[in-house]
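Enquirer: Before anything else, here's the structure in question.
Read-outs throughout are calculated quantities, based only on the coordinates presented, and are distinct from any laboratory measurement. No experiment lies behind these values; they were computed from the predicted model shown. Methodologically, a virtual Cβ is constructed for each residue, glycine included, from the backbone with ideal geometry; neighbour enumeration extends over all protein chains shown.
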């Protein structure tokens, strides 16, 4: 309105100069007013997306609209929308008659806790959120901008799939997004939140991003839906079973977490965002911290059971170690024998990786190796120090693991740790056996500080296994030999005397030690040899 | 390895940066024993008096610690016994020596007379203090000790035998002219006899183990069916708890108070009564809150009860500390219930009001000393309460055991007049093997209101994380009007909470206060999330977060659709993060104080009035705070969410009538059905045992058993599926 009145005034001032100009001036005024009105009208229309009826339908499904989601996700008043006036260009099937300003996606930038984020939010009320050429262009635009300045990208996915009316244009759009995802990978963090259907080619954009989250009961991810599955393989399966949140967070490992509903999901993404650096050239964020960095944690002194075969929950260790027990766990329901996630130590974001003896004795198997490897690589890519808590009896033996390629998959975690140049601090809480000892951020893989708790046992294997090999011909004295082996190897000394652990520390002092080390390691510079890229065993 | 570990752990307790690993076992154990003995003003320790050199404590947990503390204060060396899982327990650390007597199950460790006798011999202990439970009322144990010339710190074995057997004790009590309840004079052989006797006396009746105590092996029956079920359950419980399953039946006095008299006797025929304790606040016959003295007892009644108690003690030649329990009806008639020939759980409240260290007196008289006091010298000073803080879920039947690790644990010792008797510390495990008692929280004040106010403060300042605990219930009772007026009976809980305990019920003002507090803390959380120290991008557009206005929508309770969402505005006064002004429902509440989000206890002020709270959880969009002992999950969302949360769909609930889930962690005692069986609604399907209590689990509907996922002896977690119906 301010702008309008200014134009109007200048037009009025020009009147007396030349009466001849009056007619043109009048039409110019009208034109200006008309344009302004059109802008307002279009804006209003854009804000309504596919219209009130479709918005109501969206709400009825228990889902929020694209704009409502953005409103909850970002700091109040910080959203700057891009391309609100963009329209699709399709003319087939009468599409030219049905256009919505902004088309089926809302894009722009905003702030979360005062830091810049680029985001897109697919609008299911416009053509079912389907991906048109302009939809893809809008997304690619903000992704490029995000890379230019170094800020994360959050995608809120709620789309029926390709805009079939646009044909191959839509496919090109997907590919453009994929290419942008790949270019942005390792440059800025990318988060996908699946808040509705996401099927076919569309699934690969989230799959390329760093983190994929889902909303329970309202989101689905699959290559082909139940109908096609039925037609091709005669398998009867529901949407939920095929690609619901449970499937992907528990069974497939495609999603990194699931939330109760839209509101819960968006609140949680805000929390995650606050842990992340903005780009690969930014330091791991340090936030004001209420928790004393030198807090003694008495409960850690008794967390490892006296019985060396008894299970305990590594999450207990994590929660008491980190600032305020705040831990954003990644993939909490998948491969539970390894715990990964973000936490803070004295305000600084760290990545936590821990074997969890509570599940499958904390062994490394195919799934846990992959889960751990991907997380370690994220941390390394974005300068997040890695704290590794080791209690691992080894790699899981058996045909299913060997046939599944545990060698290849286990190598991923090994590769990830060996490649990582960020600060690496390792605490061996109990078992560190065999090859798995090497893998878990050992000193030999350039661990910066490697500690053992008094309960640590660093050895090639457990006593029973070792004795059955070493003394296979002396089974009668197995017990005696086991005792001897335990005495020799089931303690931190063999590793400590060789310098494979830097110190044996009191568990309750662990927090203090790690906080000191992180401070010291802030100036760590370590570079891998120049290469085009490594060849991780995929 | 364990020894090395133990040293390491002691070293850690010194808590400073320079801690080194202890390499030599000669390093002195560091335990702070500077107990405040200031409360023991009556007959304090006489260091010139002869005493035992060394005693063994045949118990675990808080009572073992309690006995060790007095023994050490007297200069007596102590020996702890423990099961293997207890190797790192507090009582083991406090003692000068420790002996492992077996694996976790009590029947293989703490109840093993042979192993404990061996430990006595090996360590050369001159006396054994049995604490309560376990071997404390085991006559064989006391007699065996006598045989090897070791003192049993408790009454002589004959007195235990006479009083420990409830049938016999009644006869003796009646002969000693103690007031009696009508009942059957003898042991009940089987269910049929139980039903017959019950009918003779007239329902309701109390079925209880002859050897019982502490509510175990005890059931009330109102009809024949309950009599049968109660008989068999109690008998089994008695067997596993006391190794003695003889049963008794007597008239159950409805609506009574439970008041007991502490007595103290020596071997020279001297006996004292140390005033009464009221233990009427009970659930399932287990005490919840005790107080001394009782607000119901008049001085005349006190004297009468005390004198009868002492008559009984004399009649059996009693020579230690003991307790005579009475049921008291509304007309102040009191009836003999039983005599407990041991140190009672709730002895600290008597200590508080008399200034007498009962453990010290037990050790003295056991050694052979005379009591130094006369009855006139026993004071009654002030008022004391004891809250039994248990690891149990008060929302289920006023308390179902829970287990877990105390991930955070801070006792409210800083409050004046407060004493915490506990045997655990941060990091301790509450396991299914033992009693789920966390702590006996005792408050003492000049009068009942002051002691009660201190108890409330202590409960507010108590931090327990990692296990479900009953503080919400304890705190609510301390607030409740009837309790405050002293109008209590053993039926208090079911009468005050007819629907079961459901947490503190808040009025509108209190609700607003909780909402305001949660909103202020959430504002602080959000403001802090903007306080990055190394993110330099928005330098010129940076706004001090404490200068902003935070607009939220807050809802209580957190379940969508249940509560009413209200708009809340939070502003920090002049950017001061300690002064928040919260506007909601048309009023402004000032929340001030250090809103430190890492501290377990937060001392705030709401409009200037003290408000102690704890942040139990701060998930995204949800702050869980403690108010009046109860956890309140408050949803705090950005203001626009007020419209949006309406669209969120409630999640479908699992139909619980067709499944039987384990209500608590425990061991399966028996499984009564197999797949394919038809069961009727209410039929008992499974008996689960946890913390020595047996609980029957019943079918939620009539139907066919689809699956049984557990078998006898198996241990199960809370919420585990046990039986599924079609």
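Enquirer: Please compute, for the alpha-carbon atoms of the protein assembly as shown, the extent along each of the three principal axes and give them in descending order in Å.
Expert: 128, 78, 65
Enquirer: When the Debye formula is applied to the Cα atoms of region B:149-267, each taken as the same point scatterer, what base-10 log of I(q)/I(0) results at q = 0.09, 0.10, 0.23 Å⁻¹?
Expert: Values returned for q = 0.09, 0.10, 0.23 Å⁻¹ are -0.27, -0.33, -1.40.
Enquirer: Let me ask you something else. Report the equivalent ellipsoid semi-axes for region A:34-84 in whole Å, largest first, defined as the square roots of five times the eigenvalues of the gyration tensor built from alpha carbon atoms.
Expert: 22, 17, 6
Enquirer: Return the Cα extents of chain B along principal axes one, two and three, sorted largest first, each rounded to a whole Å.
Expert: Between the extreme Cα coordinates on each principal axis of chain B lie 87, 67, 57 Å.
Enquirer: Can you pull the mean other chain C-beta count within 10 Å for peptide A:506-518?
Expert: 3
Enquirer: Using the Kirkwood radius over C-alpha pairs as Rh, can you work out the diffusion coefficient of chain A via Stokes-Einstein at 10 °C, viscosity 1.306 mPa s, in µm² per second? Please list the in-between numbers first.
Expert: Numbers: Rh = 26.0 Å.
In µm²/s, the coefficient rounds to 61.
Enquirer: Here is a further query. So what is the relative contact order of region A:273-394, in percent, for Cα pairs below 8 Å that sit 6 or more residues apart?
Expert: Numbers: 221 pairs, mean separation 33.6, N = 122.
Relative contact order of region A:273-394: 28 percent.
Enquirer: If you build the convex hull over the alpha carbons only and average its shadow over all orientations, what do you get for region A:81-222? Give it in nm² to one decimal.
Expert: On the way: hull surface 32.1 nm².
Orientation-averaged projected area of the Cα hull: 8.0 nm².
Enquirer: Moving to a separate point now. Where does region A:442-538 land on Rg/Rh, using Cα atoms and the Kirkwood Rh?
Expert: My calculation puts Rg/Rh at 1.14.
Enquirer: While we're here: In degrees, nearest 10, range 0 to 90: what is the angle between the Cα axis of helix A:21-48 and the longest Cα principal axis of chain A?
Expert: In chain A, helix A:21-48 runs at an angle near 30 degrees to the longest axis.
Enquirer: Is the shape of region A:250-407 rounded, prolate or oblate, going by the alpha carbon gyration tensor and its root eigenvalues a ≥ b ≥ c, with a/c under 1.5 for rounded and a/b larger than b/c for prolate?
Expert: It is oblate, given that a/c is not under 1.5 and a/b is not larger than b/c.
Enquirer: Compute the Rg/Rh shape ratio of region B:261-323: radius of gyration over Kirkwood radius, all on alpha-carbon atoms.
Expert: Working: Rg = 12.9 Å, Rh = 12.4 Å.
Result for region B:261-323 is an Rg/Rh of 1.04.
Enquirer: In nanometres, what is the gap between the two model label sites at residue B:284 and residue B:329, each 7 Å from Cα along Cα-to-Cβ?
Expert: Here the modelled spin labels are 3.0 nm apart.
Enquirer: Considering Cα pairs under 8 angstrom that are at least six residues apart, work out the relative contact order of chain B and quote it in whole percent.
Expert: The value is 9 percent.
Enquirer: Under 10 °C and 1.306 mPa s, how fast does region A:183-316 diffuse according to Stokes-Einstein, given a Kirkwood radius computed over C-alpha pairs? Answer in µm²/s, whole number.
Expert: It comes out at roughly 88 µm²/s.
Enquirer: Okay, moving on. For region A:259-330, what Kirkwood radius comes out of the mean inverse Cα-Cα distance, in Å? Numbers along the way, then the final one.
Expert: On the way: mean 1/r = 0.0660 Å⁻¹.
When all Cα pairs of region A:259-330 are included, the Kirkwood radius is 15.2 Å.
Enquirer: For chain A, give the share of DSSP beta bridges that are antiparallel, in percent and rounded to the nearest 5; count only bridges with both residues there.
Expert: Close to 40 percent.
Enquirer: Still on this structure: Starting from the Kirkwood Rh over alpha-carbon pairs, what translational D in µm² s⁻¹ does region B:472-535 have by Stokes-Einstein at 4 °C and 1.567 mPa s?
Expert: This corresponds to a translational diffusion coefficient of 87 µm²/s.
Enquirer: Okay, next question. From the C-alpha coordinates alone, can you work out the Kirkwood hydrodynamic radius of region A:123-179, in Å?
Expert: When all Cα pairs of region A:123-179 are included, the Kirkwood radius is 11.7 Å.
Enquirer: What is the mean number of Cβ atoms from other protein chains located within 10 Å of the Cβ atom of each residue in peptide B:403-411, rounded to a whole number?
Expert: That average works out to 3.
Enquirer: What fraction, in whole percent, of alpha-carbon pairs in region A:370-498 exceed 19 Å separation?
Expert: It works out to 54 percent of all Cα pairs.
Enquirer: For residue A:223 paired with residue B:300, estimate the spin-label separation in nm (one decimal), with each label point 7 Å from Cα along the Cα-to-Cβ line.
Expert: Rounded to a tenth, the inter-label distance reads 9.2 nm.
Enquirer: Report, largest value first, the span of the C-alpha coordinates of region B:645-726 along each principal axis, in whole Å.
Expert: Cα spread of region B:645-726 along its principal axes, largest to smallest: 47, 30, 19 Å.
Enquirer: To two decimal places, what compactness ratio does region B:574-630 give when its Cα radius of gyration is scaled by 2.2 N^0.38 Å?
Expert: Cα-based Rg divided by the globular estimate yields 1.15.
Enquirer: Can you compute the equivalent ellipsoid semi-axes for region B:498-575, i.e. the square root of 5 times each eigenvalue of the Cα gyration tensor, sorted largest first and rounded to whole Å?
Expert: 34, 13, 11
Enquirer: Residue separation times 0.36 nm, minus the C-alpha to C-alpha distance between residue A:39 and residue A:236: what's the value?
Expert: My answer for the length gained is 65.9 nm.
Enquirer: If all Cα-Cα distances of region B:213-313 are sorted into 5 Å bins from 0 onward, what percent lands in each bin, rounded to whole numbers?
Expert: For region B:213-313, the binned pair fractions read 2, 11, 16, 16, 17, 16, 13, 7, 2, 0 percent.
Enquirer: Over all directions, average the projected area of the Cα convex hull of region B:625-685 and note it in nm².
Expert: Numbers: hull surface 33.9 nm².
It is 8.5 nm².
Enquirer: For region A:435-483, take the convex hull of the Cα atoms, compute a quarter of its surface area, and give me that in nm², please.
Expert: Details: hull surface 16.6 nm².
The number I arrive at for region A:435-483 is 4.2 nm².
Enquirer: Which whole number of Å³ per residue matches the convex hull of the alpha-carbon atoms in region B:44-188?
Expert: It comes to 147 Å³ per residue, whole-number rounded.
Enquirer: Which shape class applies to region A:101-149: rounded if a/c is under 1.5, otherwise prolate when a/b exceeds b/c and oblate if not, where a ≥ b ≥ c are the square roots of the Cα gyration tensor eigenvalues?
Expert: oblate
Enquirer: Let me ask something else about it. How long are the three semi-axes of the equivalent ellipsoid of region B:110-169, in whole Å, if each is the root of 5 times an eigenvalue of the C-alpha gyration tensor, listed from largest down?
Expert: Semi-axes from the Cα gyration tensor: 21, 11, 9 Å.
Enquirer: Across the residues of A:276-288, average count of Cβ atoms on other protein chains within 10 Å?
Expert: Working: counts 0, 2, 2, 0, 0, 0, 4, 3, 1, 4, 5, 8, 9.
Partner Cβ neighbours, averaged per residue: 3.
Enquirer: I've got another one for you. Would you mind putting B:454-461, B:317-324, B:680-687 in packing order, based on average other-beta-carbon counts within 10 Å, highest first? Intermediate values should be presented prior to the final figure.
Expert: On the way: B:454-461: 23.6, B:317-324: 25.2, B:680-687: 15.6.
My ranking of the peptides, most packed first, is B:317-324, B:454-461, B:680-687.
Enquirer: Can you tell me the 0 to 90 degree angle between the C-alpha axis of helix B:191-201 and the longest principal axis of chain B, rounded to 10?
Expert: Approximately 90 degrees, to the nearest 10.
Enquirer: Below 8 Å, C-alpha to C-alpha, sequence gap of six or more: please give me the relative contact order for chain A in percent.
Expert: Numbers: 1079 pairs, mean separation 46.6, N = 538.
In percent, rounded to a whole number, it is 9.
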